[in-house]
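Scroll down for the structure; my scribbles are underneath it.
The values are calculated or read from the model by the stated rules, or taken from the named source; none is laboratory data. In this text the structure is predicted, and so the values were computed from the model without any measurement. Heads up, the Cβs are rebuilt from the backbone with ideal geometry, glycines too, and the neighbour counts pull from every protein chain shown.
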Amino acid sequence: MRHSLRILGRAQADAREIASYLGKRSVDGMYRWLDAYEQAQDRIRAEPLSCGLAPENDRFQYELRQALFKTKNGRTYRAVFMGRGRYGHDPASPRLRPKAARQERPIA
């Protein structure tokens, strides 16, 4: 069963920022990252509960999960997303945000 995935404006801005940064260094690298990001979104749509809980999950009232992804030779990124409820997780509308795996900016 495929679930819908709502990508918030902040997440779209993050993805554009990452793609722009990569594109200044390597256009091919940017396209590889965009492809890997799209594949991560597909995984989340297909099976959101197969993705592990994000390390900061305990700080939120809702369930926060992450899908790790990377290009063949690139750094690891994570697509952070949440379901609607903490314990009665409803993945019908997960929200997504891409981040570098070691990035320390707060998620919410």
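Among the listed residues R102, R86, which satisfies the condition of being part of a loop (DSSP other than H, G, I, E, B), modelled with pLDDT under 85 and farther than 25 Å from W33 by Cβ?
Values: R102 fails: farther than 25 Å from W33 by Cβ.
Step by step, each of R102, R86 is checked, and only R86 is part of a loop (DSSP other than H, G, I, E, B), modelled with pLDDT under 85 and farther than 25 Å from W33 by Cβ.
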Handout entry: Considering residues of region 5-51 that are among the aromatic types (F, W, Y) and free of Cβ contacts under 8 Å to residues at least 24 places away in the same chain only, the residue nearest to K72 (Cα to Cα)
Key = Y31
Completion exercise
All-but-one check, R75 against (1) part of a helix (DSSP H, G or I); (2) in contact (Cβ under 8 Å) with a residue 24 or more places away in the chain; (3) out of contact with any Phe, Trp or Tyr (no Cβ under 9 Å at 6 or more places or on another chain), failing number (1)
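Among the residues of region 53-71, write down those that are in contact with a Lys or Arg (Cβ under 7 Å, 6 or more places away or on another chain) and either part of a strand (DSSP E or B) or exposed (fewer than 12 other Cβ atoms within 10 Å of the Cβ) (or both).
The first filter runs over region 53-71 and keeps only residues in contact with a Lys or Arg (Cβ under 7 Å, 6 or more places away or on another chain), leaving 53-54, 61-63, 66-68, 71.
Residues satisfying the conditions are L53, Q61, Q66, A67, L68.
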Practice task
Taking the options Q61, Q39, Q66, name whichever one is modelled with pLDDT under 90, among the polar types (S, T, N, Q) and either out of contact with any Pro (no Cβ under 7 Å at 6 or more places or on another chain) or more than 12 Å from M82 (Cα to Cα) (or both).
Solution key: Q61
Practice task
Taking Y31 as the residue in question, decide whether it is modelled with pLDDT of 90 or more and surrounded by 18 or more Cβ atoms within 10 Å (Cβ to Cβ).
Solution key: no
